[in-house]
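Below: the structure, in structure tokens.
Coordinate-derived values only; no laboratory data. These numbers come from a predicted model, not from an experiment. Virtual Cβ from ideal backbone geometry, glycine too; neighbours counted across all protein chains shown.
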Amino acid sequence: MKRNFWIAASSLLISVLCLSAARYSDRINDNSQEDPFETPRTVSQTPSTVPLSPQESMKTFRLPKGYHLELVASEPMISEPVALAWDGNARLYVAQMETYMQTVLATGQSQPRSRIILLEDTNGDGKMDKRSVFIDHLLMPRAILTVGHELLVNETDSYDIYAYRDTNGDGKADKKRPVFQSKRKAFGNVEHQRSGLDWNLDNWVYETIDPIRYRYKNGVLKADTLPNAAGQWGLTHDDYGRVFFSRAAAGIAASGFQINPAYGQLDFPDAFEEGFNHVWSAIKTPDVNGGPKTLRPDSTMADFTSICGQSVFRGDRLTNSIFGDYIVAEPVARVIRRANIQNKDGKVLLSNVYHQDEFISSSDMNFRPINTYTGPDGCLYIVDMYRGIIQESTWAQPGSYLYDQIMTKRLDKNVQRGRIYRLVYDGLKPGPAPSLLSDPTRKLITYLAHPNGWWRDNAQKEIIVRNDKSVVALLKQIALGEKGPLAAQPTTITRMHALWTLEGLDAIDKPIILATLNDPVQEVRKTAVWLSEPWLKKNDSQLLDKLESLKNDESYDVLSQLVLSLSYSKADQAKAIVQSVLTGHADNTVLTGIERTLKKAEETRKIGSSRLAALNPADRQLVREGAQIFTALCATCHGSQGQGTPTKIAPHLAGKFKLLENRDEVIKILLQGLTGPVEGVTYHELMPPMGTNSDEWIASVLTYVRLELGMQSFPEMSSGYMNNFVLVKPEQVKKIREQTANRTKPWTWDELIKERDLLRQSRK
């Protein structure tokens, strides 16, 4: 009787799996359609700036065949939404920047009047029908992450991160505790502060702007410094733990994804198909920072300028072809880009899925997509801030082109709205809600095999947060490719999750590493190399012998990770392995790029330390603060080492001490901005004013630029020379700020030279 029952049950399971597989295989591969849109792309030359209802606005969207949007929430339920986070039971937290640009001059922006809203779908129809104010009186919350039953929150102008919890079930946080605190004050411009808090596959929590990542342990976040800061608004990762940043100011849709940020920054200009940065709007876009010169003849924006809010779609309830694609928003163009990700000989490449077109576009001038997510139901979610002004006031000062466009079109009148959409596909029903917070840990393990990456990520995180060691043996079975508690053979992705879950539980051991280094699957071998780093830091000879056997591995991904991970070992054997790999693959651009990146990081550290040694502790700290600001913000346009960018957005600064010699000039440039040619060269971006930042902020970044970049031709300088001619003090910034208080427009290079000459004549 029992045997017959299990035979029947097994037959039923097989039937369900076969039906499921058939359903997925029958999906339309929309990449292969010759004409994926019902109508050709057109440009509206007379878009209305009057706010539309959510229902009317949805009629303005253009999507490929089969896709359509559903409204999840809108005003008055939400207002000025910027970021989302689901807990393990699919309750949705919405971060709202409710004081952001409520007027063109950002009146009242620094008041703590923002909130985080908790939304719930109580009947499973995909629309939020229950709302509570989870936290109020916040200063524009900008980064949120659910961890167990708590929500981690970072606010604007602060590095501190707090955990909030609702202990009585009324939907309102009644418990608050610090999980990370810093005595440093965050710098001012709203667009140049952190976002993210993305729990990656490797169990590190990443953020943008700052060269830092966190490890959540025993209820707090422990910080780890990174070689470089990266990105602006938006952060995501893929199935393999690649972290994707974006750089709006430079129009770079994705960066930092070739190697993990822990090793440095490696980007390739040819990682994108030709013309990838061109954007294809369905609406004339006059409200751009760069003015008419950045527009096409049809008045549409030519290239990315505010790219943000990226995600790698990892859900299971859209078409097969979109799985693993890169999704990124462009709120000035009112579009969302979809790009295909490919791996060629270890180099990650991106290409637009639609030729001279966009995945999603709208002719509603108030459509402002700023974030995208894979949801627990397997669909794609879009955060639409739905407002008139999207740029911060720094770029919209009176007298500027953007200011005139805002006031003429009355874009400043649309505030306090917002929409959340989910993208669905005809015939595919969104998945059920999870219950990860209440499910037993053994059941969470089965979710590591779920087809939706959201479930896998959150199951891994929940197991680690619980620190439940009772499942270690089961995780090891899965990591080694055995079924364990799973109904089927674990996939490569599932095995990777199992390995990293073991790491998060402090249960990864050398036998598992040694076994998986022999694995026939290249991604498992790569993961094992990555996980071997704690032993490599101790120069473990057994691990080094094993890694030496991989120096001729057929996978470039494995070889790249081998070079990266072995950089942590000081053993001669490690250096020999690396040299063998590099010599044997001298024509591979990824491996040679990794070699340059690691050497550059070491050279920069040595040069920086030698110059910093001549400074007093306070001035050293000034330079360190400036380095962080430069790498997070200025490097976007000036290059990571001040070498400029291939697109020549801004002047290169490396070795240009004469260009930076006059302190008053460079202070003025940061306070009020710079426009027009510099030393006879025309650049296609305005240097925006940074005067909203503090005197200390400006002094620190200028000191770093003048000391570490401008003086690269003079590596050895006396401390007296540096103190007298290189360092910029906050009191000097304050003086120039007071002298130029009435100036409302950017400087030109000719103006600054003329002022310099007049000053010199007056001193004679």
* Neighbour cut-off at most 16 other Cβ (10 Å), DSSP loop, trypsin sites (Lys or Arg not before Pro), the stretch 490-570 -> LYS537, LYS538, LYS570
* Asked: How much FRET efficiency would the formula 1/(1 + (r/R0)^6) give for ASP129 and THR42, where r is the Cβ-Cβ distance and R0 is 51 Å, rounded to 0.05?
  -> 0.90
* Structure fact -> Neighbours of LEU514 by Cβ distance under 11 Å: Lys/Arg at +1, Asp/Glu at -1, summed charge -2
* Asked: To the nearest 20 debye, what charge dipole does the stretch 291-403 have about its Cα centre, counting +1 at the Cβ of each Lys and Arg and -1 at the Cβ of each Asp and Glu?
  -> 160
* Sum -39500 (n - 2.57) across every DSSP H segment of at least 4 residues in the chain, then divide by the residue count to get the 222 nm mean residue ellipticity, nearest 500. => -8500 deg cm²/dmol
* Between SER110 and GLU70, 0.36 nm times their residue separation minus their Cα-Cα distance comes to what? -> 11.0 nm
* If r is the Cβ-Cβ distance from ALA488 to GLU274 and R0 is 51 Å, what FRET efficiency results, to the nearest 0.05? -> 0.75
* Structure fact -> Answer in debye to the nearest 20: the dipole magnitude of the chain about its Cα centre, from +1 Lys/Arg and -1 Asp/Glu charges placed on Cβ, is 1340
* With contacts defined as alpha carbon pairs under 8 Å and 6 or more residues apart, what's the relative contact order of the chain in percent? -> 11
* Once label points are set 7 Å from the Cα along Cα→Cβ at both LYS734 and ASN340, what is their separation, rounded to one decimal in nm? -> 5.9
* Dipole magnitude (debye, nearest 20) for the stretch 382-474, charges at Cβ of Lys, Arg, Asp, Glu -> 220
* To do: Work out the charge dipole of the chain with +1 on the Cβ of Lys and Arg and -1 on the Cβ of Asp and Glu about the Cα centre, then indicate which of ASN340, LEU423, GLN579 is farthest towards its positive end.
  => GLN579
* Structure fact -> Sorting SER438, LEU514, LEU69 by the position of each Cα along the dipole of the chain (Lys, Arg +1; Asp, Glu -1; all at Cβ), the one nearest the positive end of that ordering is SER438
* Kyte-Doolittle mean at least -0.5 and Cα axial length at least 30 Å: DSSP H helices in the chain -> 2-25
* **Net charge of Cβ neighbours under 11 Å - reference SER565; Lys, Arg +1; Asp, Glu -1** => +1
* To do: Compute the distance in nm between two label points, each set 7 Å from the Cα along the Cα-to-Cβ direction, one at ASN518 and one at THR122.
  => 5.8
* With a point put 7 Å past each Cα toward its Cβ, work out how far SER299 is from ALA473 in nm, to one decimal. => 7.2
* Structure fact -> If the chain between GLN621 and LYS754 were fully extended at 0.36 nm per residue, the gain over the current Cα-Cα distance would be 44.5 nm
* For the chain, what is the percent of antiparallel DSSP beta bridges, rounded to the nearest 5? -> 95
* Asked: Looking at (i) 27.1, 98; (ii) 26.6, 109; (iii) 47.2, 155, which value of Rg and Dmax of the Cα atoms in Å comes from a calculation on the structure shown?
  -> (ii)
* Using 1/(1 + (r/R0)^6) with R0 = 56 angstrom and r between the beta carbons of THR167 and VAL50, what's the FRET efficiency to the nearest 0.05? -> 0.80
* Structure fact -> Hits in the stretch 224-262: amide N under 20 Å from the 7 Å Cα→Cβ extension of LYS217, namely 224-227, 261-262
* To do: Rank GLY315, PRO227, ASN693 by how far each Cα sits towards the positive end of the charge dipole of the chain (+1 on Lys, Arg Cβ; -1 on Asp, Glu Cβ) and give me just the farthest.
  => ASN693
* In Å³ and rounded to a whole number, note down the convex hull volume per residue for the Cα atoms of the stretch 62-425. => 134
